[in-house]
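The values are calculated or read from the model by the stated rules, or taken from the named source; none is laboratory data. Keep in mind it's a predicted model, so treat the numbers as computed, not measured. Cβ atoms come from the backbone with ideal geometry, glycine included; neighbour counts cover every protein chain shown. Quick note on the areas: whole protein, heavy atoms, side chains included, nothing else; ligands and nucleic acids left out. Shrake-Rupley method; radii C 1.70, N 1.55, O 1.52, S 1.80 Å.
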Amino acid sequence: MEFKRRGVMLVLASPSGAGKSSISRALFGADPQIKLSVSVTTRARRTDEVDGKHYYFRDVPTFEHMREAGELLEWARVHDNFYATPRAQVEEELTAGNDILFDIDFQGTLQLYEKCREDMVTVFILPPSIVELRARLERRAQDSKGTIDKRLKNARIEMDHYGEYDYVLVNRDLEESVGKVRTILAAARLRRSRLQGLDSFVKDLQVQIDMP
Ligand code: 5GP
């Protein structure tokens, strides 16, 4: 018996540079049931980013309009820019039985806990060391020295929040970390609260006992 299931909201959080984007890409690329939540942001587009794929890049007035119109499931100010999750895609995918991967910060995660805790499983990713974190930020070479310093300061704040997540991983090795997140997702998919038609299945089993 295969039950139809509601999708999982899988939140991956970490300081920038801890490897979250590489983990997300690996998970997303290998499993058609996983969709990415595309956030709205007011930050400038990096050269390798595509509007509508990595983010919806919008100016501040447009962002504020979306927020006032209730189109955002959560929003936060990170590194002096606004970031938010549009509401529509999320409900659509969950109902269709697809999982959604969120790359959002702790402020956004806390807002989602208030609205959708039953649908969520959350993972916090730590870098193996600060030397490694700094090296990853520098390798990316997309940001100025000032921006990297700001991201490191923000990493410190972000790390205070590891205790608010269901799982914590130290990302020493990409493949190993991807494997662990897959295990977490596999278990989350099996949660009783996600299985549709379970009540009637059990009732039917009981009826078969009552009327042999
Ligand atoms: P970046 O500028 O490097 O793409 O992202 C910076 C930070 O913003 C990351 O920590 C990322 O998790 C967070 N972020 C990206 N999208 C969202 C969002 O929709 N909501 C919230 N709350 N944070 C986000």
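Observations, loosely collected:
- On a per residue basis, the chain carries 56 Å² of accessible surface, using protein heavy atoms and a 1.4 Å probe.
- Dipole moment magnitude, nearest 20 debye, the chain about Cα centre, only Lys, Arg, Asp, Glu C-beta charged: 520 debye
- Ignoring aspartates and glutamates fewer than eight residues from Lys180 along the same chain, the ones with Cα atoms less than 14 angstrom from its Cα are Asp166.
- Straight-distance crosslink candidates among aspartates and glutamates, where the alpha carbon sits under 18 Å from Lys150 and sequence neighbours closer than 8 are dropped: Asp80, Asp105, Glu132, Glu138, Glu158, Asp160
- Estimated [θ] at 222 nm from DSSP helical runs (n ≥ 4, -39500 (n - 2.57)) normalised by residues in the chain, nearest 500: -14000 deg cm²/dmol
- When the chain is described by a simple charge dipole with +1 on each Lys and Arg Cβ and -1 on each Asp and Glu Cβ, the residue from Thr47, Leu205, Pro61 located farthest towards its positive end is Thr47.
- About the Cα centre, charge dipole magnitude for segment 63-152 (Lys/Arg +1, Asp/Glu -1 at Cβ), debye: 600 debye
- Å³ per residue enclosed by the Cα convex hull of the chain: 139 Å³
- Rounded to 10°, Cα long-axis angle of helix 20-30 versus longest principal axis of the chain: 40 degrees
- Within straight-line cross-link reach of Lys145, lysines at Cα separation under 25 Å, skipping those fewer than 8 residues along the same chain: Lys20, Lys153
- Radius of gyration, Dmax [segment 75-186; alpha carbons; angstrom]: 15.4, 43
- Only the Cβ atoms of Lys and Arg (+1) and of Asp and Glu (-1) were treated as charged; on that basis the dipole of segment 99-212 about its Cα centre amounts to roughly 400 debye.
- The trypsin sites (Lys or Arg not before Pro) of segment 143-210 that meet both conditions, a loop assignment by DSSP and at most 13 other Cβ atoms within 10 Å of the site Cβ, are Arg172.
- Translational diffusion coefficient (Stokes-Einstein; Kirkwood radius from C-alpha pairs) of segment 84-138 at 4 °C, 1.567 mPa s, in µm²/s: 97 µm²/s
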